[in-house]
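Data first, discussion second: the structure below is written as structure tokens.
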Amino acid sequence: MAQAEYVQESLAGLDPAVGGVDPALPLYATTFVVVDLETTGGAPDGGGITEIGAVKVRGGEELGALATLVNPGQPIPPFITVLTGITQAMLLPAPPIEEVLPSFLEFIADAVLVAHNAPYDVGFLKAACARHGYRWPNPRVLDTAALARRVLTRDEVPNRKLGTLAAYFRTATQPTHRALDDAKATVDVLHGLIGRLGGHRVDTVGDAIEFARAVTPTQRRKRHLAEGLPRVPGVYIFRAADDRPLYVGTSGDIATRVRSYFTAGEKRARISEMLAAAERVEAVECAHSLEAEVRELRLIAAHAPPYNRRSKYPERMVWLKLTDGPYPRLSIVRDISPTDTAYLGPFTSRRAAELAAAAFHDAVPLRQCTHRLSLRTVTPACALAELGRCPAPCEHRITPEEYDDRAVEPFRTATTSDPQPVVDALLARIDVLAADQRYEEAAVVRYRLAAVLRATVRMQRLAALTGIAELAAARPAARGGWELALVRHGRLAGAGVSPPGVHPRPTLNAIRATAETVPGGHGPVPSATAEESERILSWLERPETRLVEMSSGWSSPAGGAGRFRDLLAKAESGASHQLSTERS
């Protein structure tokens with residue numbers, strides 16, 4: 001029997017949308033449609049266009065032209081007739097804009113739209129499309145007026161009007177305030193301006209569009225750093241003259257992302273400072289986006305680049321744990337050891353851990369003093385005992401067994417499985433405070449509740465993944481084939497992409513043979529940072545990701561913290577209505 005040929009399954013919506021013009025296309029190979037409109041004046045409202053003229057060119061050669069009068073369906077102001085020579089009688093037999101738009105939209109397809117003072121012309125065209133139910137193709141737009149402001153100095157031309165530029169470049173057609181003549185004049189102006197762009201190291205259509213916008217001298221001077229980079233997923237590293245990493249980032253297209261740092265859209269002060277110090281950009285190609293994100297996190301953690309704000313210093317994470325000995329109390333520590341059995345975390349800051357600790361102190365009678373208590377020696381009680389906030393184990397008012405049952409066990413249960421008793425106690429306290437109109441105090445308890453839920457949900461999700469010795473998963477790649485990831489104890493051990501039309505098993509076997517050896521350990525993040533494991537979780541939980549193999553089951557407690565996600569969202573949003581939850 002012949003073996004069935006492998007066919008990759010397709011999922012709706014995974015194919016990338018293709019549209020517009022590639023910004024890396026050289027200017028000489030780009031198709032431009034130069035357009036000019038005549039209108040009745042006023043603001044664009046879907047009408048008012050009296051004439052459209054458009055010329056299609058590529059490589060200096062005219063490919064076609066479109067010109068038509070348009071009946072605006074409204075009277076023409078006298079000053080417009082004087083300016084353009086277009087009369088009401090000329091427009092009466094002309095087609096309305098809704099009949100002209102289909103031909104015009106087809107004419108500009110797959111081209112860069114060019115106009116002088118482009119926002120005006122594009123605004124009228126977009127409004128007309130919206131009014132008459134046509135989809136605006138959202139083409140790339142190049143404004144010759146803006147480009148002239150960047151290329152020509154005041155010594156060369158006194159202003160950037162079309163007539164002035166036409167005279168400067170000695171265009172074959174002079175502007176006459178008629179659409180086709182003005183479009184043809186703009187074509188010659190465009191070619192003249194392109195001839196001046198070479199000296200500014202502007203060679204592609206994307207560069208030309210960005211050059212027309214306002215960029216800083218540093219961005220212009222350092223633009224060459226974006227040259228020669230690959231258009232693949234990966235990590236990019238801006239390095240200083242001494243090769244020190246300044247900034248680490250990731251993208252699905254390294255070249256396009258790095259070029260964006262040299263455009264007008266980049267306005268962050270710290271990035272401008274970084275660009276001034278940068279001397280080169282290093283690219284690290286990756287198999288797919290998940291590998292790129294993980295490598296970015298590891299590089300930031302290893303080098304702590306000065307211009308990265310997030311993901312630095314993962315070693316500064318803290319934990320909330322119960323101390324050893326009789327009558328345990330909560331303690332904030334840097335690390336947990338294999339002997340620790342009751343803990344919560346990791347927290348990104350000491351402040352977050354303190355909020356969670358305060359929540360437990362509100363909900364269960366854990367002692368808050370830092371004395372080392374003895375089962376034989378009595379220690380004087382503090383004010384909390386007099387206020388009824390502590391069962392006074394220091395004076396032996398409670399037995400160790402009772403203390404474990406009332407205070408220790410609710411904490412241990414909340415962190416490993418069900419936080420329901422803690423949640424109920426905090427909600428009841430919020431209800432009491434709200435009933436007494438002590439709303440600010442109720443809000444404080446709400447923040448503490450959110451801190452506990454956030455930490456327990458996070459730790460239980462992480463523990464479910466990191467407890468699996470090995471997990472293989474696949475996700476359809478945008479260009480065919482499969483993105484593959486091998487995860488061991490919550491750490492990305494290997495990654496790759498199988499070719500389109502080929503069974504991914506050989507690729508997965510090769511990844512496994514060369515993957516990183518990851519030993520297990522203690523805690524919810526034994527082998528990677530919490531942020532790395534969370535990135536992996538996000539990738540695994542996408543609808544299109546498919547689990548291929550697992551060394552053990554992947555599960556979370558049925559009555560665990562995950563069921564309180566809706567309550568967590570309410571608490572984090574600061575909803576004014578009363579918080580409530582299902583009590584089981």
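The values are calculated or read from the model by the stated rules, or taken from the named source; none is laboratory data. These figures come from a predicted structure and were not determined experimentally. Neighbour counts run over all protein chains shown; Cβ positions are idealised from the backbone, glycine included. Note: areas computed on protein heavy atoms with side chains; ligands, DNA, RNA excluded. Shrake-Rupley method; radii C 1.70, N 1.55, O 1.52, S 1.80 Å.
Taking the residues in the stretch 239-259 that are in a helix (DSSP H, G or I) and crowded, with 17+ Cβ neighbours inside 10 Å as candidates, determine which candidate is nearest to the chain's Cα centre (by Cα).
Filtering the stretch 239-259 for residues that are in a helix (DSSP H, G or I) and crowded, with 17+ Cβ neighbours inside 10 Å, the one nearest to the chain's Cα centre (by Cα) comes out as ARG257.
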- Item | Counted residues, the stretch 543-562 - those being open to solvent by 80 Å² or more (accessible area, probe 1.4 Å) and either part of a loop (DSSP other than H, G, I, E, B) or at pLDDT below 95 (or both) | 3
- With (1) over 14 Å from ALA127 (Cβ atoms); (2) touching a residue at least 12 places away in the same chain (Cβ under 8 Å); (3) open to solvent by 20 Å² or more (accessible area, probe 1.4 Å) as the list, and THR87 as the residue in question, which single condition is left unmet? (2)
- Looking for whichever is among the hydroxyl-bearing types (Ser, Thr, Tyr), open to solvent by 10 Å² or more (accessible area, probe 1.4 Å) and modelled with pLDDT of 95 or more here; the options are THR507, THR456, THR466. Which one fits? THR507
- Any idea which of ARG367, ARG372 is free of Cβ contacts under 8 Å to residues at least 60 places away in the same chain and open to solvent by 30 Å² or more (accessible area, probe 1.4 Å)? ARG372
- Note on the structure: Expected output for the stretch 320-332 (first residue under 15 Å from LEU375 (Cα atoms) and at pLDDT below 95, partner of a type in the set (A, V, I, L, M, F, W, C) and open to solvent by 30 Å² or more (accessible area, probe 1.4 Å), Cβ below 6 Å, 6+ apart or cross-chain) is PRO326/LEU375
- Message: Among the residues of the stretch 380-406, what is the count of those that are open to solvent by 40 Å² or more (accessible area, probe 1.4 Å) and assigned to a loop (DSSP other than H, G, I, E, B)?
- Response: 8
- helices (runs of 4 or more DSSP H) within the stretch 122-238 that include 3 or more residues within 39 Å of the chain's Cα centre (by Cα) and of a type in the set (A, V, I, L, M): 144-151, 179-197, 205-211
- Only unsatisfied item for ALA118, checking (1) under 24 Å from LEU190 (Cβ atoms); (2) open to solvent by 20 Å² or more (accessible area, probe 1.4 Å); (3) not hydroxyl-bearing (Ser, Thr, Tyr), is (2)
- Note on the structure: Out of (1) more than 32 Å from the chain's Cα centre (by Cα); (2) in a strand (DSSP E or B); (3) of a type outside the set (Val, Ile, Thr), the one GLU106 does not meet is (2)
- Within the stretch 415-449, which residues are in a helix (DSSP H, G or I), without any contact (Cβ under 8 Å) to a residue 12 or more places away in the chain and among the charged types (D, E, K, R)? GLU440, GLU441
